[in-house]
Amino acid sequence: GQNIDQPTEMTATEGAIVQINCTYQTSGFNGLFWYQQHAGEAPTFLSYNVLDGLEEKGRFSSFLSRSKGYSYLLLKELQMKDSASYLCAVREYRDDKIIFGKGTRLHILP
Amino acid sequence: DSGVTQTPKHLITATGQRVTLRCSPRSGDLSVYWYQQSLDQGLQFLIQYYNGEERAKGNILERFSAQQFPDLHSELNLSSLELGDSALYFCASSASGVNGYTFGSGTRLTVV
């Protein structure tokens, strides 16, 4: 089975940098995803890591350490529109399904 | 528009009733996934279909069932509805899975 942990809530200031951590346990790791979800809306894909290291995409970066079962999402130059939930999700090797963590609700203060 | 279409967007029904939620995947995507998201809960994986066949099952209740048709659209059937079934139900589709899933806008089910 899988277990995914991430903080429930975080608060940061507009223009700042925030790091959202995610730890996971899985019997057969085959990739880690980060999604953004605004309240009442569909999750939207942010990033995908399958190998160790940092993937950068504009203001967002995601890091993976498979040996530690650890990932983080780094958001730079925070904007008010970044206020949302950020979901860490892991895919298992044996099938294609992706299991989501409960998400981290990020509040951005002006 | 993500390309994944879910209908209806909202549904209000009474306890004990049965409803059907519909999902059309993005053109070319063979896999369809159903998720339930209750208030303050994460996305709970229900079931996956690939090209018409069930491929993986999550914590789906026996009162719930799904299928994927030859044209690849999928339906999620929820029966003997209870108040606790009130939630957002998302459908997602994928091609190879490398870029994760693309989600539909969801169906908000309210059981009264």
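The values are calculated or read from the model by the stated rules, or taken from the named source; none is laboratory data. All of these numbers come straight from a predicted model, not from anything done at the bench. Because the Cβ atoms are built from the backbone with ideal geometry, glycine has one as well, and the counts that use them run over all protein chains shown. The protein model used for the area step is the full one, side chains on, heavy atoms only, and it has no ligands, DNA or RNA in it. Shrake-Rupley method; radii C 1.70, N 1.55, O 1.52, S 1.80 Å.
Results, tabulated for the structure shown:
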read-out: Over chain B, relative contact order from alpha-carbon pairs under 8 Å, at least 6 apart, %; value: 37
read-out: Residue A:10 long-range amide H proximity, modeled H, under 5 Å; value: A:105, A:106, A:107
read-out: Cβ-Cβ FRET estimate between residue B:69 and residue A:80, R0 fixed at 45 Å, reported to 0.05; value: 0.60
read-out: Size of charge dipole - the protein assembly as shown - debye, nearest 20, with Cβ of Lys, Arg +1 and Asp, Glu -1, no other charges; value: 40
read-out: Within the accessible area of chain B (1.4 Å probe), percent carbon and sulfur; value: 46
read-out: Solvent-accessible area, 1.4 Å probe, carbon plus sulfur percent, for chain A; value: 49
read-out: Per residue accessible area in Å² of chain B, where ligands, DNA and RNA are left out and the probe is 1.4 Å; value: 47
read-out: Accessible area of residue A:52 in the full protein assembly, 1.4 Å probe (Å², nearest 10); value: 80
read-out: Those residues of region A:62-76 whose amide nitrogen sits under 19 Å from the label point placed on residue A:52, 7 Å along Cα→Cβ; value: A:62-73
read-out: Extension reserve of the residue B:59-residue B:95 stretch, reckoned as 0.36 nm per residue once the Cα distance is removed; value: 10.6 nm
read-out: Cα-based equivalent ellipsoid, chain B: semi-axes from gyration tensor eigenvalues, Å; value: 22, 14, 13
read-out: Rg/Rh ratio calculated on Cα atoms of the protein assembly as shown (Kirkwood radius); value: 0.97
